[in-house]
Each structure stands twice: as C-alpha cells, then as structure tokens.
Amino acid sequence: MSTLVRDRAPIHTSPVSVRAPRKRLSRRALLLGGAGVVWLVGFLFLHGTATLTLPASELTDLHRSLNQFNAWVAANRADNPVFQYVFTPLRAAVDAVANLFIGIFAASSTGLRLPEIGWLGTVALLSWIAFAVGNARVALLTVAAFVFFGLQGLFTEAAYTFALVLTAVLFTLAIGIPLGVLAGVYGRVAKVITPVLDFMQTLPTFVYLAPLALIFLIGPASAVIATVIYAAPPVIRLTAHGIRCIPENTREASDSLGTTGLQRLLTLQLPLARRTIVMGINQSTMAALSMVTIAALIAAPGLGQVVVRALQSLDVGTAVNAGLSIVLLAIVLDRVTTAASRRAEPGANRKRRISRRSRYILLAATLLVALVMVQLSRTMLWAAAFPKDLNIGPAIVSGVSSASEWLQTNLFLFTVSFREAVTTGILNPFQSLLTETPFYLLVAVIVIAAFALGGWKLSAVTASCLAVIIYLGLWSDAMVTLAGTLVATAVVIVLGVIFGVAMGRSNKVDQIMRPMLDAGQTMPAFVYLVPFLGLFGATRFTAIIAGIIYAAPVAIKITADGIAAISPTVMEAAVSSGSTPWQVITKVQLPMARQSLALAANQGLIYVLAMVVVGALVGAGGLGYDVVAGFVQSSLFGKGLAAGLAIVFLGILLDRMTQAAAANPVRKVPSAKSTTH
C-alpha cells in the first residue's frame, strides 16, 4: 500500500481556498458563561447585601417551632399512641437484640464491663466463625486483631462496636434481602424502591441522626436504626442485580421443566445469585461500621465515642489509637466477608485442598476448642478480663502525641504556610463569593446553570431545593458548606483524571493502585480526620483535605474504568495516525470517557459533602457545625434539625445537577456549512 502511494504520480489541482470551519459555542456553554458573567458583575456591585446571614447563636421562628416540637415529643412520648404502640416497641425490640450481643461480646449487665463469654471466649468464638465462613487465614487475622485491641486497652470499646455492627447487619439482611429479591423478580417493585435507595445513599450520614434521636432517643437503638437505614441500599441493590443477571436461556430451561415461580427462585435464582448477595453483605457490613462509629454523636457506645471525645479535646494520640482499632476492625470485617464471597463462587468446592468431610471434622474440632475457651473464660478471671499488664495503649498514645507535636513544631513552616496559602488564596475568596453575593442573584445563577445542564425540569427541582434552604433560615451556612465542597471536589476531579488516566493506560499501575484504593474505600469517615488533625490542626482546611482523601479513591476508580473501556481499535487508529501520547489522552481518551468523568465528579461530590459535614468536629463550620451544636445544646436542637434538612436538599441539588451533566454531555456543534464539496 505504501509502495502504491509512493509510486503514484502527484495530482496537480487548482488551488482551492478552504475556509476553516467556525467554531460555535453550544447553548449550554453560552448559558453557563452568561450566568458566570452575571454572577461576577452582580457580586462587584451588590456584594454584602441580602446575604441572609444568621449568627450562630440566633434562631429563626422555624427553629423555635422545632424546639417546641422537640419539647412536645419529650412531654407526650409516654401517652401518645404512635409512640406507645409503634416507636417504643420497635425501640425496645432493637434494644433487646443489641443488648444481647453487647452482653455476650462486650459487657454484661453485672456492671463489671466483662463480656458473658470473657475476652478469650470472644476471641475464640469470633475466630471460629471467621474460619467457618471464610478460611484459616482470616481466622488468624481475627485472632491477631482482637488481641491487639486488648493490647491497646480498647478491647471493650471494640467489642461494643462489633456488637452494634452485628446487630445492625442482622436487621439489614432481614429487611434488605427480601426487598432485593422482590426488586429482582418484579420490575415494578424495582421502579418503586430505586428512587428511595438513591435518596438514602445521597444523604450524608449526619442527617439520619437528629430525627432518629428525636423519635427513638439517644442510645444503641437509635444508632442501630440509623445504621440499618444507611447500610440497607447496597444489599438490596446487589441482591436484585444478582437475580436479574441470571441468563435468560437458563431461566427458560428451568421454566420448560414446569417449575413454579417459588421453585425457580429457591432452586435457580438464589443459588446462582449467591455470590452477588454475599458481595452485598460485604458492602452493607462496611457501611454499618462507618455509621456505627459516627453514631457516637447520639451516644452509641464503642470506638466512635473515643474518637469523638479525642477530636473534641484535640487529643491526637488517643484519636490515632482508637482510629487504628477502627481500621483493624474494618480490615477484619472486609476480609472475612470477602472470603465468604469467594467461598460462595461457583466451583469453589472443587478448588478446596481438603474434602468436605475433612472440613466438617475440622470445624467440629475447632468449635470444641472454642467452647472450651468460652467455659474457661467463665471460670478464670485472667481469661475473662484482658490482662491490664499487657496494656500498651498509653505508650501508643504518648508516642503518637510526641510525634504529632514534633511534626507541628518542625514542619510548622510547611504545614501552616501551605494551609494559610490555600485558605487565603482559594478558600476565603471563593467562600466570600458565595456568602456575600445577594441570595436572589445566586439563586438565579444556579437555576440558570441547572437549566443549561438538564432543562426546565432540573431547574424547577433546583429552584425548589434552594427555596427550602432559604426557608430553613440557613442560606449563609449552606453556602459555607457548598464552598468547601466545591473546592474539594475540584481537587478530587484533578486527582481522578491524573491517576485514573494512569491506571486506565497501564495495567501495572492499576495493579499497584487498585488494592490501595479498595483499602481506602473500606475506612470509616472518622478515620480520615485523625492524621490531618495532627498535621494541620482543627480548621476548615483539615476537613477539606480529609474530604479529598476520602473521595479520591472512588473518583479515580471510575475514571480508570472509563479510560480502560475505550475500544482498542480506536486507540490503535489514533496511534497509527501519528498522535503523541498527550494527543491520545486529550483528544481521544478523555473526550470519549467524559460520561465516566462526569459520574466520577458526581460520586466524588457526594463523598466530599458527607466528609465536609463530618468535618464540623474539627472546625469546618457551616451546616455540619449547626448539626453538631444541635446534638450538644438542647436550645439549638431545632437549628440542628433544620441544618440536617438543608444538607439533604443541598445534596439532592448537587446530585441532580451532576447526574444531568453525566447524562447529557456537551455535544460538538457541527459546522453549519461544510467546506468539503
């Protein structure tokens, strides 16, 4: 082919003047650009007016009404039929189950803070369960982790957290798996519950706590119910997905044998969907651990309370010690449920090194050993309470505190200079742009942007959400939260593009980074605050950095998957045409993966919003501060409840706008008059 081209005589043609096609901006770009210009011009001439600022100690009439409602609920809880016959029995039932597991694994009702089966029995029994559902390696990991909790001096707190997670996961599975089955079998059920699940997963974790504390009071019951609400969506979605993904020909073969719907479900759909369902259990378990630690704000016992107290007193050493326990517990739960998922894979029995009979004998023998240890713990004090002589927790706390002080002293110039440069150069100006713009002008700009992204329906939803935030009396605080969220999301998108492109283009980079990102996604939100508190202190900047680290893994993975999914044929065509690697990335891969980029931005934004709100514990301010203040001071309960609602509507607004951007990418406008004739 190249020879033919080389030998071909050149064809001389008369010069034809070709006019380069004029690039026309899309309507979306024009609307967004116009809205930006209007915003900046309006800010220059009207800034500082109509900002709807509400000082921290002041309340609106709505907040006072919510305070009165709180008082009314407290006064009428015992006599109201709704509480008497619905909420109170439900709370008692949840409390009974939670107290049962707390008594077995953490502290019995004797007041001695000793579990019914002792620390040795707890370790033995949990390790045997890990061995039964997983394998020997995860059983040894369970032994090592719970012994280390004892060495840290946090065995009881870790056992409290485990007991609450176990209670919440059991209720979650009891509710979630049947709903998932119904959604997988019946399309109408899926259509009804899918928007509800979207709504539940959009809500930041803080939002659940205040209303549930109002209805069920503070304590383990409210924590478990909040955790069930937060952890149920993954198992419902994955159960329905596993049932729907069964091949149609397999189902037809089953129907041809005359099976009924129930027989098909029990003998075909559930067995084939078993691995996906176990994956859902894994996801729900990790979500439960994250929520149980945050539920410490409503007096849920366990490691979360240690972290909250340490954050409030800026005790970095204690926070790191407890955060380390949370990380270890997360690793144990993740590895055990992952091992259970692999055991549920089709053909897993054929890969086992020992026969089924030998395994049953081994399980029976190890169970006998575990029961002996349980009995030993009930009779011997050294096996009931973890030996205090082995407690190295104070040494860990002291060492971490010293290291934190050394870092703050010796890296003062770097950490403080970096923090202040970002704060004064980016955060403060952008926050001022949002909080000092007149509210009516900013509402108009955001509604126009929503119209550009998704049309009049999205603009109507956006206007409604903004109207509710204004009605709640927390416009200025919402803009403070929005400023931190948008700045952190911008950094997350940059990180997602840089590392996502690297992972999508290189399998080696993907193999190195993906395990780290998977591990990062298993960590509860609280844990991310601890190390940055030691470096940057209790500031808004710390919460934003923690939000970036919390949200980056999901954005990077989505971007990497989008880049890797581009057809190899397209890549080969781009390379064979002489494109440089930079041109391939900027002209081919990123444009073709723009929907993945928009989805990464959507997920990153939701994660960042959740973390920025939690960051109120280290001085982030905004709506998160109002929520925390509502927990602490009864006079601010109404304001905290309103802040929770404002977070909900802010999250809906941001979620819908980024979803619209992902669903309707910018289309290139073709030239009106083609120059090729």
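When the range 312-326 is filtered for residues that are surrounded by 24 or more Cβ atoms within 10 Å (Cβ to Cβ), within 27 Å of D95 (Cβ to Cβ) and either among the small types (G, A, S) or over 20 Å from the mean Cα position of the chain (by Cα) (or both), the ones remaining, listed by number, are A322, S325. I need the full set of residues from the range 128-163 which are closer than 29 Å to I361 by Cα, part of a helix (DSSP H, G or I), of a type outside the set (G, A, S) and open to solvent by 10 Å² or more (accessible area, probe 1.4 Å), in order please. Once the filter is applied, which keeps residues that are closer than 29 Å to I361 by Cα, part of a helix (DSSP H, G or I), of a type outside the set (G, A, S) and open to solvent by 10 Å² or more (accessible area, probe 1.4 Å), the range 128-163 yields W128, I129, F131, V133, R137, V138, L140, L141, V143, V147, F162. In the set T569, T586, only one residue is in a helix (DSSP H, G or I), hydroxyl-bearing (S, T, Y) and open to solvent by 50 Å² or more (accessible area, probe 1.4 Å); that residue is T569.
Scanning the range 609-641 for residues that are part of a loop (DSSP other than H, G, I, E, B) and open to solvent by 20 Å² or more (accessible area, probe 1.4 Å) yields G619, G621, Q633. Within the range 315-341, residues that are part of a loop (DSSP other than H, G, I, E, B) have Cβ atoms under 9 Å from residues that are of a type outside the set (D, E, K, R) in these pairs: D315/V397; D315/S401, counting only partners at least 6 apart in sequence or on another chain. Applying the criterion of being charged (D, E, K, R) and within 32 Å of the chain's Cα centre (by Cα) to the residues of the range 68-127, the residue that is most open to solvent (accessible area, probe 1.4 Å) is R91.
Every listed requirement among (1) over 30 Å from G638 (Cβ atoms); (2) of a type in the set (V, I, T); (3) buried (at least 18 other Cβ atoms within 10 Å of the Cβ) is met by V228 save one, (1).
Taking each residue of the range 392-414 that is assigned to a loop (DSSP other than H, G, I, E, B) and looking for partners that are of a type in the set (A, V, I, L, M) with beta-carbon atoms closer than 9 Å, six or more apart or interchain, yields I392/L151; L411/L535.
Within the range 253-269, identify whether any single residue is of a type in the set (S, T, N, Q), touching a residue at least 12 places away in the same chain (Cβ under 8 Å) and in contact with an Asp or Glu (Cβ under 6 Å, 6 or more places away or on another chain), and answer yes or no. No: the range 253-269 contains no residue that is of a type in the set (S, T, N, Q), touching a residue at least 12 places away in the same chain (Cβ under 8 Å) and in contact with an Asp or Glu (Cβ under 6 Å, 6 or more places away or on another chain).
Candidates in the range 403-420 are the residues that are of a type outside the set (A, V, I, L, M, F, W, C) and surrounded by 12 or more Cβ atoms within 10 Å (Cβ to Cβ); of these, the one that is farthest from L533 (Cα to Cα) is E420.
Candidates are the residues of the range 176-206 that are open to solvent by less than 20 Å² (accessible area, probe 1.4 Å) and more than 17 Å from S284 (Cα to Cα); the one that is modelled with the highest pLDDT is A183. From the list V82, V41, the lone residue that is more than 18 Å from P211 (Cα to Cα), out of contact with any Leu (no Cβ under 8 Å at 6 or more places or on another chain) and β-branched (V, I, T) is V41. Scanning the range 419-438 for residues that are in contact (Cβ under 8 Å) with a residue 24 or more places away in the chain and hydrophobic (A, V, I, L, M, F, W, C), we see that the one that is nearest to G619 (Cα to Cα) is L427.
The values are calculated or read from the model by the stated rules, or taken from the named source; none is laboratory data. Everything numeric here is computed off the predicted structure, so don't read it as measured data. Neighbour counts run over all protein chains shown; Cβ positions are idealised from the backbone, glycine included. Heavy atoms of the whole protein, side chains included, go into the accessibility calculation; ligands, DNA and RNA do not. Shrake-Rupley method; radii C 1.70, N 1.55, O 1.52, S 1.80 Å.
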